[in-house]
Amino acid sequence: MLRALVALAVAATVSTAAQGACPADALGTARVLTVDPTAYPRIGRKHFPQTLPLRPKEVVLTFDDGPEPGPTERVLDALKRECVKASFFVLGRASAAHPALVRRELSEGHTVAHHSFRHPILNRMSVEAAQAEIEHGFAAVDMALYGKAERSPVTPFFRFPGFASNRALLDFLERRRIAVFGADLWASDWNPMTPAQQLALVLDRLEQTRGGILLFHDPRPQTAAMLPAFLRALKGRGYSVVHVIPPEKAVPSASQVR
Ligand SMILES: [Zn+2]
């Protein structure tokens, strides 16, 4: 009981401190949405019939393929300045190489989710090899974040590299109670362009979809460079940011995060 009270007091202090650090005109995170994989096994209208229950002009910010020293740090700095929480679909290989960076993502309140170990095109491998690759990614990310990996990943969210899924792998993840994230729109930031072009393109797409699950790639310098202006534009245009998190039972207490 005492321990629970202390935990609550610490949580309240951390939350107040985080709010206190926000500039008055920060974009901020409007609300937190818990995504239960049993209710939402596959989401994102680009590939699936269902998406998250978002209101018009609500955006879920997601970043794939990191962490990458340099650009990922600039992305985190930009999010912090605007008091915005995002979701990072990280690679096991990159997380093992840069554990401090994925831990920074977690400690700054972001959701750290999964994107395989080394980013192969999973539907061009045997189902067994693809499953092993996915599991290897879960384990490497949780080892980097928590120093241990259990049978199920702490955050049961996965995005297929290149959106290359197939029925067998989707069924496998549904059985494992892992929510598969697609996207409602993306920045196409795998194509080289200037930060100004990148900003214009993504704002144009956002006006068309009126929000949704938005995919960026945090290792891309053009994305890191335009993010501060993008977040300012969200604020100016009346968009709000929704932070997606897994159901509570899956989230470890702060004392388990080292
Ligand atoms: Zn990717």
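The values are calculated or read from the model by the stated rules, or taken from the named source; none is laboratory data. None of these values were measured; they are calculated from a predicted model. Note that we place each Cβ from the backbone using ideal geometry, even for glycine, and neighbour counts take in every protein chain shown. Please note that ligands, DNA and RNA were not included when accessible areas were found on the heavy atoms of the full protein model with its side chains. Shrake-Rupley method; radii C 1.70, N 1.55, O 1.52, S 1.80 Å.
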Heavy-atom accessible area ranking, 1.4 Å probe, most first, across ASP204, ASP171: ASP204, ASP171
The chain: relative contact order in percent, alpha carbon pairs under 8 Å with at least 6 residues between: 31
Apportionment of accessible area to carbon and sulfur, the chain, percent (1.4 Å): 57
Three-way shape label, the chain, alpha-carbon gyration tensor, a/c 1.5: rounded
Net dipole in debye of the chain [+1 Lys, Arg Cβ; -1 Asp, Glu Cβ; about Cα centre; nearest 20]: 340
Alpha carbon Rg of segment 38-84, scaled by the compact-globule rule 2.2 N^0.38 Å: 1.50
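Averaged per residue, what accessible area in Å² does the chain show with a 1.4 Å probe, protein chains only?
46
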Lysine-lysine proximity count for the chain, Cα under 22 Å, sequence distance 8 or more or distinct chains: 8
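If the only charges are +1 at each Lys and Arg Cβ and -1 at each Asp and Glu Cβ, what is the size of the charge dipole of segment 131-178 around the Cα centre, to the nearest 20 debye?
120
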Size of electric dipole in segment 20-100: Cβ of Lys, Arg +1 and of Asp, Glu -1, about Cα centre, debye, nearest 20: 300
Options LEU227, ILE245, LEU206, ranked by Cα towards positive dipole end of the chain, top entry (Cβ charges): ILE245
The chain, helix-only ellipticity at 222 nm - DSSP H runs n ≥ 4, -39,500 (n - 2.57), divided by all residues, nearest 500: -13000 deg cm²/dmol
Cα gyration tensor shape for segment 145-194, rounded if a/c is under 1.5, else prolate or oblate: oblate
Exposure ranking of MET125, MET143, MET193 by accessible area [1.4 Å probe, largest first]: MET143, MET125, MET193
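Give the average over all directions of the projected area of the C-alpha convex hull of segment 52-148, one decimal, in nm².
Hull-based average projected area comes out at 7.4 nm².
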Alpha carbon Rg of segment 111-258, scaled by the compact-globule rule 2.2 N^0.38 Å: 1.16
Built amide H within the under 5 Å cut-off of ARG42, gap 5+: VAL180
Per-residue ³J(HN,Hα) for segment 65-77, Karplus 6.51 cos²θ - 1.76 cosθ + 1.60, θ = phi - 60°, Hz, x for Gly and Pro: 6, x, x, 9, x, x, x, 4, 5, 5, 4, 5, 4
